[in-house]
1. First measure r as the distance between the Cβ atoms of residue 71 and residue 111, then evaluate 1/(1 + (r/R0)^6) with R0 = 25 Å and state the FRET efficiency to the nearest 0.05.
2. Provide the gained length on full extension for the span residue 118 to residue 17, in nm with one decimal, where the gain is 0.36 nm per separating residue minus the Cα-Cα distance.
């Protein structure tokens, strides 16, 4: 939990500085005294960037999703807490992976940017893991959603070296593609549910 709390506090206190430190782009003080050069976006890691593996960034996301799921279950008092808790948890984790996948696909197809998917996914996992902690509150979605995409944009610019206009274009494109994708899939999902219920 030590790494989790340290990461969460860093994301809350100064995400831009934190992403730069992970990328090896900040100064000696931000890197905790290690002034060895390194560029995370180019796949070269320094002392502090080494911890940010996909496993650990997804671990941060998973812990946040567990906390958010427990909070949602405690306040909603569901009929079937195990089932609804599993759905809530998988939805929280899955949406981060889907969003990262669409974003990476758009970047690869339309932008001249070569970034390892592991680093790209870590940005989304950190942003999602930070904001999902308040996403279970019904009225907080209006704060959590813009905050989440702002954190992702900050990660893209500060951690991966995107220009602001490119980061904004990528985020807007990702949101539009996701809306179209899920709007298209919804009728198929409803049909499948009806077919299963009829059995």
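1. 0.10
2. 34.4 nm
FYI, it's all coordinate maths here, none of it is from the lab. Treat the numbers as computed from the prediction; the structure is a model and nothing was measured. For neighbour counting, all protein chains shown are included, and Cβ atoms are generated from backbone atoms with ideal geometry for every residue, glycine included.
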